[in-house]
Every structure is written in C-alpha cells, then in structure tokens.
Amino acid sequence: MSKSEETIFIENEDTHAKVKLYNPYEKSASTESISLTDFVEDWVCELVEPKHPALTTPATVDPFAGGVSDWEDKEKQMLDLMHDKLGIGLASPQIGSSYNMFVMNHTVLGDIGVYKPEIVEFSEETVVIEEGCLTFPLLYIHITRPEKVKVKYFKSDGTTQVETWMDGIDARCFQHEFEHLQGELFLDKVSDMKLQRAFKKREKLFKKLEKKVVKPNA
C-alpha cells in the first residue's frame, strides 16, 4: 500500500530529486523472463509489473517450511524497498513471490513483518478512505473497509504469534496487504466507471510531476 495522494505530492521546488521514486518499474522484473516458481526459489526483492501472475494468485507458500530461515534479512529488504517507494505496506506477491507474508509500517510498532496472517474479526463500523498501491503508482481509489480488525500473525522467528486489534490506517493497510496474499487487488473493489476516473486523474498527476523535473543544463 502506498501513501495517500496528499502525502506524496512534491510541492517544494528544491525536492525535484525525489521524482525518481515514482518510476517503480525502472528495475522491475519482466513477466517475459520470470515465473512465479523462480521467485519462490530465488529471492529477488524488486517490484514486478502489474500483469505478473503472482499478483492474482493466492500466496499460499508457508514461509517457515522448506528450510527457509533468513526471514529477518528478507524482511529488511522488503522494508527498504517499501520505504524507497514511499509506501506503508508491501506484500510478497508484489515482488513476484508466493510466500504468505507481508511487511508494513505500523503507527505504534513501527516496521513489522507479518507472516501467515489472519483476520479473525471485523468491526461493524466502516470507513471510506483513499488508497494507493505500490504496484500501481499514483493511482488512488476511495475504498470502503471495516474501521477495525482483529488480526493474528507470526513474527519472523516462526514461533511468536501476535493477536491484536488494529484500527485507522493500520487496519486499512493490514487489510490491503492481506488481500494481496489472497490474489486480490484494490482496483477490483470499484466499478469500471470509478476506475476509469482514477486512471484519468493518475495521468494528470504524472503530467504534473513531469513539469517539476529539472531539465539538465545544456
């Protein structure tokens, strides 16, 4: 999940260098040269293109099975990528993997790794918030979700389990990333008409950012 449009906008003319962060596919893996299995066996922490099959395939691989033990390092790689792209959450399918895990920035706990997550209870209260996604940069859609969720997940050691309620942006991010693990995308939650409007607005945002790029000296 990415930060909101209001958070991402670059208004200061002295911050042009940050514009490069809005090209997430500069080093992304091509769907023509890789497969889902490759990313389970050979870890490559880079965003994949939106058409990659991992994004629409449930991430069912147990991260603690098969002798995989370096999750602290993998988790750090994902968090570094998440922050580099100005995000607050990143799920393994977004880097072409089918491991059942994601990372997020919690407002109280800070950066956390979430393994084999579950949502065990939803609040009846719902809230509409504008969401973004690192897989679809600068695409923002208003999504209705439960305001609070009770969640369970394991930490990177594979034995420590956390059970807690999350609310606000934490609940929003957890639900967004959890859906990635189900092979679902946030743009599937809105009508075609609303999605078309969002894409048109996205094009305007890209053009606005292009105008802020400082041209090199001749």
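The values are calculated or read from the model by the stated rules, or taken from the named source; none is laboratory data. Everything quoted here is computed from the prediction, not taken from an experiment. Heads up, the Cβs are rebuilt from the backbone with ideal geometry, glycines too, and the neighbour counts pull from every protein chain shown.
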Taking only pairs six or more apart or across chains, which ones have beta-carbon atoms under 9 Å, a first residue in segment 169-198 that is among the polar types (S, T, N, Q), and a second residue that is surrounded by fewer than 17 Cβ atoms within 10 Å (Cβ to Cβ)?
Gln175/Phe122; Gln182/Pro58
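On the basis of being farther than 24 Å from Lys51 by Cβ, exposed (fewer than 15 other Cβ atoms within 10 Å of the Cβ), touching a residue at least 24 places away in the same chain (Cβ under 8 Å) and among the aliphatic types (A, V, I, L, M), does Val120 make the cut?
Details: farther than 24 Å from Lys51 by Cβ: yes; exposed (fewer than 15 other Cβ atoms within 10 Å of the Cβ): yes; touching a residue at least 24 places away in the same chain (Cβ under 8 Å): yes; among the aliphatic types (A, V, I, L, M): yes.
Against the criterion (farther than 24 Å from Lys51 by Cβ, exposed (fewer than 15 other Cβ atoms within 10 Å of the Cβ), touching a residue at least 24 places away in the same chain (Cβ under 8 Å) and among the aliphatic types (A, V, I, L, M)), Val120 qualifies.
Of these, Glu124, Glu163, Glu118, Glu131, which one is acidic (Asp, Glu) and either at positive phi or assigned to a loop (DSSP other than H, G, I, E, B) (or both)? Please lay out each step first, then the result.
Details: Glu163 fails: either at positive phi or assigned to a loop (DSSP other than H, G, I, E, B) (or both); Glu118 fails: either at positive phi or assigned to a loop (DSSP other than H, G, I, E, B) (or both); Glu131 fails: either at positive phi or assigned to a loop (DSSP other than H, G, I, E, B) (or both).
Exactly one residue qualifies, and that residue is Glu124.
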Residue check for Phe178: modelled with pLDDT under 90 and in a helix (DSSP H, G or I):
no
I'm checking my understanding of the structure. Among residues of segment 59-94 that are under 13 Å from Cys133 (Cα atoms), among the aliphatic types (A, V, I, L, M) and in a loop (DSSP other than H, G, I, E, B), which one is modelled with the highest pLDDT?
Ile88
Between residues in segment 88-107 that are farther than 17 Å from Val61 by Cβ and of a type in the set (A, V, I, L, M) and residues that are at pLDDT 95 or above and in a loop (DSSP other than H, G, I, E, B), which pairs lie under 8 Å by C-beta distance while being six or more apart or on different chains?
Met104/Ile88
Leu55 passes all but one of the listed conditions (1) modelled with pLDDT under 95; (2) closer than 21 Å to Leu187 by Cα; the exception is number (1)
Is at least one residue of segment 202-214 free of Cβ contacts under 8 Å to residues at least 24 places away in the same chain and in a strand (DSSP E or B)?
no
One residue is enough: does segment 149-172 have a residue meeting the conditions touching a Ser or Thr at 6+ places or on another chain (Cβ under 6 Å) and surrounded by fewer than 22 Cβ atoms within 10 Å (Cβ to Cβ)?
no
Which condition number in (1) touching a Leu at 6+ places or on another chain (Cβ under 9 Å); (2) assigned to a strand (DSSP E or B) is the one that Ser97 fails?
(2)
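Could you tell me whether segment 99-115 includes any residue that is out of contact with any Cys (no Cβ under 7 Å at 6 or more places or on another chain), charged (D, E, K, R) and crowded, with 18+ Cβ neighbours inside 10 Å?
Keep residues of segment 99-115 that are out of contact with any Cys (no Cβ under 7 Å at 6 or more places or on another chain), which gives 99-103, 105-115.
From what's left, charged (D, E, K, R): 111.
Now restrict to residues that are crowded, with 18+ Cβ neighbours inside 10 Å: none.
Among the residues of segment 99-115, not one is out of contact with any Cys (no Cβ under 7 Å at 6 or more places or on another chain), charged (D, E, K, R) and crowded, with 18+ Cβ neighbours inside 10 Å, which makes the answer no.
Which residue, of Val120, Val103, is among the hydrophobic types (A, V, I, L, M, F, W, C), in contact with a Leu (Cβ under 6 Å, 6 or more places away or on another chain) and more than 28 Å from Glu203 (Cβ to Cβ)?
Values: Val120 fails: in contact with a Leu (Cβ under 6 Å, 6 or more places away or on another chain).
Criteria check complete, one pass: Val103.
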